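Below: one structure, written as structure tokens.
The values are calculated or read from the model by the stated rules, or taken from the named source; none is laboratory data. What you see is a predicted model, and the numbers here were worked out from it, not measured in a lab. Don't worry about glycine lacking a Cβ; one is built from the backbone with ideal geometry, like all the others, and counts go over all protein chains shown.
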Amino acid sequence: MESLETREMTSFVAVAEALHFGDAAERLGTTQPALSRAIARLERRLGVSLFDRTTRRVSITPAGEVFLSECRRILADIEGAVRRVRRTGEPERLLIAVRPGTGQGALAEILSAYRREPGSVPVDVVFTYDQEAALRDGSADLALTCQTARLDQDLEAYEVGVETPVALLPATHPLARRTTVTTADLLALEHFTALTPLVGLELIADRVALGELVVITGASARDRLSPSVAAVPVADSPAAWLHLAWLPTTAHIARDELLRVAKSLPALAGHGSAS
């Protein structure tokens, strides 16, 4: 079989996500008949049906589900490669993906030490809920992950600490006087959200202090909170390991220098296991 082209994978993904040939054709800037013919050709080349079609609906087959996962991964890899290549022509910068509200103490210490190094490059922090995807699509060179499960096998990582969960509450809130709270306590609150807003801790703390937000974040945030915000341990939420993670298949001098600095910090002694 001839090699697949990215346009074929892009067309397939568009139909798989829309489950409607007309909507997918509009998204791709083509016509529905042309898209239908392209998908039919792709199915003939693969020797499997990717979609079940009736006059009323389009559904994806089990083979289509497998192909969708592979196409998304391949397209993301290609997009990441393009981004990384384009960045080689720009002034060198180091992009670090971080989940809001986690590991700020460890990250601040690492960045402070790195910036004191001769020849260090500017560092930009990218807030995201999917740090691993940011590594793969080229929008980050390094990621600070905070999780209880192991990282995917294609990533390498260096452990920098443990983050215990705390709930950020207005200091005047009745739960703020408790020594611990539970997730059930928090779910009962009107302004609780399970996803920390994609902004800096200062803005999050302002919204908490104003009674507009209650969130779970890492205990390292305590050092940066005003007296108007309380951080109460969440008893039934597990602690998470902090890692600096990266794609070993991608070379990056500044990333490797920052990792060297992180590994040399006395404050991180007792951590530092690679995975």
task: Those residues that are touching a residue at least 40 places away in the same chain (Cβ under 8 Å) and farther than 26 Å from LEU225 by Cβ, I need them from region 120-141; list them, please.
output: SER120, VAL121, GLU132, ALA133, LEU135, ARG136, ASP137, GLY138, SER139, ALA140, ASP141
- line: Matching residues in region 110-148 (at pLDDT below 85 and either among the acidic types (Asp, Glu) or within 23 Å of SER237 (Cα to Cα) (or both)) number 5
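Per-residue answers, yes or no, for (1) modelled with pLDDT of 90 or more; (2) under 28 Å from ASP137 (Cα atoms); (3) in contact with a His (Cβ under 8 Å, 6 or more places away or on another chain):
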{"site": "PRO170", "(1), (2), (3)": "yes, no, no"}
{"site": "LEU186", "(1), (2), (3)": "yes, no, no"}
{"site": "LEU195", "(1), (2), (3)": "no, yes, no"}
{"site": "LEU210", "(1), (2), (3)": "yes, no, no"}
{"site": "LEU213", "(1), (2), (3)": "yes, no, yes"}
{"site": "GLY218", "(1), (2), (3)": "no, yes, no"}
{"site": "TRP241", "(1), (2), (3)": "no, yes, no"}
message: Would you confirm, using the coordinates I've provided, whether ALA157 is of a type in the set (Gly, Ala, Ser), within 23 Å of LEU94 (Cα to Cα) and assigned to a helix (DSSP H, G or I)?
response: no
- prompt: Looking at THR55, is it farther than 30 Å from THR250 by Cβ and at pLDDT below 85?
  reply: yes
- prompt: If a residue has to be more than 25 Å from ALA108 (Cβ to Cβ) and either surrounded by 20 or more Cβ atoms within 10 Å (Cβ to Cβ) or of a type in the set (Phe, Trp, Tyr) (or both) to count, how many in region 186-231 make the cut?
  reply: 2
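Test of understanding: among THR193, THR183, THR179, which residue is farther than 25 Å from ASP130 by Cα, of a type in the set (Val, Ile, Thr) and out of contact with any helix residue (DSSP H, G or I) (no Cβ under 7 Å at 6 or more places or on another chain)?
On the way: THR193 fails: farther than 25 Å from ASP130 by Cα; THR183 fails: farther than 25 Å from ASP130 by Cα.
Within the list THR193, THR183, THR179, the selection yields THR179.
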Filter pass, SER112 being farther than 16 Å from LEU201 by Cα, free of Cβ contacts under 8 Å to residues at least 40 places away in the same chain and among the hydroxyl-bearing types (Ser, Thr, Tyr): yes
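Which of the strands (runs of 3 or more DSSP E) found entirely inside region 184-275 contain at least 3 residues meeting this: among the acidic types (Asp, Glu) and touching a residue at least 60 places away in the same chain (Cβ under 8 Å)? Break it down stepwise before answering.
Numbers: elements: 215-218, 229-233, 240-246.
The strands (runs of 3 or more DSSP E) meeting that bar number zero.
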statement: PRO238 vs (1) closer than 19 Å to GLY161 by Cα; (2) surrounded by 13 or more Cβ atoms within 10 Å (Cβ to Cβ); (3) not β-branched (Val, Ile, Thr): all pass except (2)
